[in-house]
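The values are calculated or read from the model by the stated rules, or taken from the named source; none is laboratory data. For clarity, every value in this text was computed on a predicted model and none was experimentally measured. Glycine also receives a Cβ, built like all others from the backbone with ideal geometry; neighbour counts cover every protein chain displayed. The area values use the complete protein model at the heavy-atom level, side chains included, leaving out ligands, DNA and RNA. Shrake-Rupley method; radii C 1.70, N 1.55, O 1.52, S 1.80 Å.
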Amino acid sequence: STLDDNEAFATMNQEIHIGNVEAQGYSAKSLNLELELKQISVPFLKAYQEFARSMSSFAESEMQHKSLEFLQNNALVLLQGNPEVNITDLSAQLPEGQLKAHSNNKLVGIDAIPAAPADPKFWLDHTVSDTNIVVDKALAIKLAGYYMTNQFAQNPQTAGMSKEDIATIVNEQAPMFLEQLQVQGLMVDKGDKLESNLIVKDGQVLLNGTA
């Protein structure tokens, strides 16, 4: 982690890089995950360290109350700093193709805790977010197939079907499933790739350019 010039805010990074993975006859390479926390209040971090050290002295029945009390006393100093939680890189190279994504997320302009902290509109109004996912179509079909196979396995009406029958249906329907996502505006056709972009700003949510 690093501190800014005034030592008021910290930046923390975590990176996970995996060269090759092989499991059940399937291989993947170049798996990457890079996380970044920015504008994290140093006073908040110090208060949290103190709280964490004292947790062992709390009875189990006190934990929830003590945690809420800590947040009530310290959350504002964290939020006032415009904290960021970013996935700067999420990528994978698989036999069917590549997936690449990032997600930058920031809370801004908060100078008081709302009377109703669970109010989603308050957090939406103070969120700035940009998330982008690009995936090769062949890989998207493969991932859709995994999702559909799992759905079939959990559905009592199809749980008794053979793996071969499920695989036949999935192979036929996975491309149509992706086409339906495009019709719904959740993904955009980019030739041999599919892309999805989500932007949140000024209380508005834009998915692939549409509110």
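The listed residues V85, V188, V200 rank as V85, V188, V200 when sorted by accessible area, largest first, using a 1.4 Å probe.
Over the stretch 109-211, the hull volume per residue, using the convex hull of the C-alpha atoms, is 132 Å³.
For a quick check, take a GNM of the chain with Cα springs below 10 Å and name the residue from A174, A144, A159 with the largest mean-square fluctuation. Comparing A174, A144, A159 in a Gaussian network model of the chain, the most mobile one is A159. Rounded to the nearest 20 debye, the dipole magnitude of the chain is 180 debye, with +1 charges on Lys and Arg beta carbons, -1 on Asp and Glu beta carbons, and the Cα centre as origin. Shown is the FRET efficiency for K190 and D89, computed with R0 = 22 Å from the Cβ-Cβ distance and rounded to the nearest 0.05: 0.70.
The value of relative contact order for the chain, using C-alpha pairs under 8 Å at least six residues apart, is 16 percent.
Projected label points at N208 and Q98, each 7 Å from Cα along the beta carbon direction, are separated by 2.2 nanometres. Taking 7 Å steps out from each Cα toward its Cβ at N171 and E22 produces label points 2.5 nm apart. The peptide list 52-65, 115-128, put in order of mean Cβ contacts within 10 Å with the highest first, becomes 115-128, 52-65. Solvent-accessible area assigned to carbon and sulfur over the stretch 1-106 amounts to 51 percent, based on a 1.4 Å probe. Spin-label pair E36-D4: with each label point 7 Å from Cα along the Cα-Cβ axis, the two points sit 1.5 nm from one another.
Can you give the accessible area of E34, probe radius 1.4 Å, in Å² rounded to 10? Taking all protein chains as shown, E34 has close to 50 Å².
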